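Each remark here refers to the structure printed beneath this line.
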Amino acid sequence: MTTYLYGLILARNAERVPPAAKGIAGAAVRVLHCVGGRIAGLVSTLDEPIQASIDAVRAHDRALQSAVDHDVTVAAVRFRQSFSTDDEVCRHLSEHGGRVAELLDHLDGFVEMRILAAANVQAPRTSAPSQPEYAAAGPGVAYLQQLRDKSAQRPAYSARTELAALIRDEHVTSIREDAVAVAHLVRRSDIPAYKTAVATIPRFSQATVVGPFALYSFAEPGT
Amino acid sequence: MTDADELEVQLNELSRSLPDRISAQPDNAGQELGKLVLTLVEVVRKVLEHQAVRRMDSGTLTAEQVERLGLALLRLREKMDELKTAFGVSDEDLDIDLGPLGRLR
């Protein structure tokens with residue numbers, strides 16, 4: 001038997017977590033309160049250690065989403081975090097959970113929204129106008145050019161300026177060679193305004209807005 | 001030795017320092033150590049990539065020098081990908097916070 005940890009929430013929000021939520025292998029998701037703790041864990045008791053699989057990852061995400069859908073801000077824990085007992089989870093939270101507690105306190109009421117966009121926006125070149133081009137590019141040159149172009153694209157995807165009034169933070173990630181995810185910390189009550197604002201940004205005219213999610217991109221204190 | 005040659009030497013030395021043979025099933029302690037080593041190598045690799053791109057953009061390198069630098073970096077990245085697969089670590093596992101410098105990725 002192991003205690004599998006999906007995510008962390010503020011203990012004061014625990015009553016909002018739905019009692020019938022299911023997690024990995026159909027196990028019940030419950031809230032684990034630790035004595036004197038400001039944060040609580042979303043956990044399941046499993047009969048055996050889980051194997052990494054797409055189904056297990058989806059079950060992990062569903063467990064988190066069930067809490068998010070009931071207005072709970074959740075700091076997502078990395079997949080496959082298991083402990084021998086509930087007490088072991090509490091010991092871990094006692095030793096390492098202080099910063100997460102501060103983060104959740106600070107971000108209570110926030111969710112993660114994401115803009116999924118095709119990576120075809122070419123940022124204007126901001127470096128010296130005499131940037132050399134290597135016409136007969138071998139694989140080495142091509143690789144360096146790809147690195148240069150990739151680093152130049154990230155500012156092109158930032159929406160901090162357009163969405164300044166609606167977002168607390170932003171995190172841009174290349175999810176594939178041809179796709180970018182722009183994650184934003186948004187107050188739950190601002191979600192409709194956020195979606196409207198994103199729709200007015202020309203470079204995201206073909207993008208998809210998804211969420212709300214647990215705090216995956218912003219779960220590390222200091223981000 | 002030019003700056004580009006020095007950079008290429010650093011890349012080749014870094015590449016040679018990575019093991020050619022990898023334990024198919026590293027134990028837990030070995031895995032943690034491997035992850036630490038890979039993280040450190042990744043930091044150095046990213047710095048070297050950044051330097052190489054800047055050198056390329058500076059216009060002070062010949063096409064041949066840029067090609068050799070790029071190939072060395074490409075080989076290093078391929079080797080890192082092999083090691084990440086062997087140790088079961090993802091890019092996110094190696095994405096450390098460098099404080100004021102931001103995240104590695």
Quick check on A:V72: is it under 26 Å from A:A181 (Cβ atoms), in contact with a strand residue (DSSP E or B) (Cβ under 6 Å, 6 or more places away or on another chain), modelled with pLDDT under 95 and not in a strand (DSSP E or B)? no
Does segment A:196-219 hold any residues that are within 25 Å of A:L64 (Cα to Cα) and either in contact with a Cys (Cβ under 7 Å, 6 or more places away or on another chain) or exposed (fewer than 15 other Cβ atoms within 10 Å of the Cβ) (or both), and which are they? A:T208, A:V210
Within segment A:60-118, of all residues that are among the basic types (K, R) and more than 15 Å from the chain's Cα centre (by Cα), the one farthest from A:G26 (Cα to Cα) is A:R99
Which condition from (1) in contact with a strand residue (DSSP E or B) (Cβ under 6 Å, 6 or more places away or on another chain); (2) modelled with pLDDT of 90 or more is the one that A:T173 breaks? (2)
Test each condition in (1) modelled with pLDDT of 70 or more; (2) closer than 19 Å to A:A52 by Cβ; (3) within 14 Å of chain A (Cβ to nearest Cβ) for B:E92 and report the one that comes out false. (1)
If you take the residues of segment A:19-35 that are touching a residue at least 40 places away in the same chain (Cβ under 8 Å) and over 21 Å from the mean Cα position of the chain (by Cα), which of them is surrounded by the fewest Cβ atoms within 10 Å (Cβ to Cβ)? A:V35
Counting only residues in segment B:56-74 that are out of contact with any helix residue (DSSP H, G or I) (no Cβ under 6 Å at 6 or more places or on another chain) and in a helix (DSSP H, G or I), the one surrounded by the fewest Cβ atoms within 10 Å (Cβ to Cβ) is identified as B:E64
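The values are calculated or read from the model by the stated rules, or taken from the named source; none is laboratory data. Just so you know, these numbers come straight off a predicted model, no measurement behind them. Glycine also receives a Cβ, built like all others from the backbone with ideal geometry; neighbour counts cover every protein chain displayed.
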